[in-house]
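Take a look at the structure set out below.
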Amino acid sequence: MPRKPDPTLKPAIVEKVVQHLRDTPIADVSVRSLGRVLGTSAYPIVYHFGSRDALIDAVVNHLAPAADQPLDPGTDATGLADWLVARFGGLDDPDRALAARLTFELGAVESLAGRTHEHRSHQALVDAVSAWCTAHGHTADTAATTAQALVSAARGAQWSHIVDDGHTDVDTRLRAVARGLTSDARVPAG
């Protein structure tokens, strides 16, 4: 008879991996090396998560749960700015900064490994902003290009913060991006 999984093991693995990833680039992380960090074999990682990338995704979700809040297309400009900050900002918090760094690292090598998770996640953000733009008077064509530019600018603000050792006020830049979009769209600021 197989053993029942220990429900405390999965969160404990995530916490231990979070601590390890604070000082370790993803390129240096494998299932086997994570097993050594955990003081075990690779089996618990594979059993609970399936792969290294699934474990890293679980770490990102654990570190930045507010990042999953959906964008209401009917919200006003202030709501858009608040969503941008909730999704891309708050990087003064070390956990959110680590989640952003891990997302960038995963996305940077994803296509080399044949994965599409980060690409799909990025596209979902673009689609959400595009729906917001459409609801606020953009044509379908301009909504798509505007949304792509806005999400790229938001990711650029994140990346700037990460590589410039926190000298970028991400939240302020994100609110400025939202203001720029809404002033172009002639949307009331709320």
Point to revise | Rounded, prolate or oblate (a/c below 1.5 giving rounded, otherwise prolate when a/b exceeds b/c) for the chain by Cα gyration tensor | key: prolate
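Per residue, how large is the accessible surface of the range 49-190? Use a 1.4 angstrom probe and give square angstrom.
I get 48 Å² per residue for the range 49-190.
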Point to revise | For the range 73-153: rounded, prolate or oblate by the Cα gyration tensor [a/c cutoff 1.5] | key: oblate
Study note, to complete from the structure: Taking every C-alpha to C-alpha distance in the range 54-99 and binning by 5 Å from 0, the per-bin percentages run 6, 23, 26, 19, 13, 10, 3, 0
Review point. If you count, for each residue, the other Cβ atoms within 10 Å and average over each peptide, how do 100-111, 81-92 line up from highest to lowest?
Key: 81-92, 100-111
Review point. Given the Cα-Cα distance of ALA113 and THR24 and 0.36 nm per residue of separation, how much length would full extension add, in nm?
Key: 30.1 nm
Point to revise | ³J(HN,Hα), Karplus 6.51/-1.76/1.60, whole Hz, each residue of the range 31-39, x for Gly, Pro | key: 4, 5, 5, 5, x, 5, 4, 7, x
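Leaving out ligands, DNA and RNA, what percent of the accessible area of the chain is carbon and sulfur, probe 1.4 Å?
Reported share for carbon and sulfur atoms: 56 percent.
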Exercise for review: State the extension gain, in nm to one decimal, for the chain segment bounded by HIS62 and SER121, taking 0.36 nm per residue of separation less the distance between their alpha-carbons.
Suggested key: 19.6 nm
Exercise for review: Pull up all non-local amide H partners of GLY90: gap of 5 or more, or a different chain, and H-to-H distance under 5 Å with H placed in the peptide plane.
Suggested key: ASP171
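Taking R0 as 45 Å, what's the FRET efficiency between SER33 and THR139 from their Cβ-Cβ distance, rounded to 0.05?
It comes to 0.35.
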Review point. Between SER51 and THR78, what length in nm is gained on full extension when 0.36 nm per residue of separation is reduced by their alpha carbon distance?
Key: 5.8 nm
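The values are calculated or read from the model by the stated rules, or taken from the named source; none is laboratory data. Quick caveat, the model's predicted, so the values are computed rather than measured. Cβ: placed from backbone, ideal geometry, glycine included. Neighbour counts: every protein chain shown. Just the protein is used for accessible areas: all its heavy atoms, side chains included, with ligands, DNA and RNA removed. Shrake-Rupley method; radii C 1.70, N 1.55, O 1.52, S 1.80 Å.
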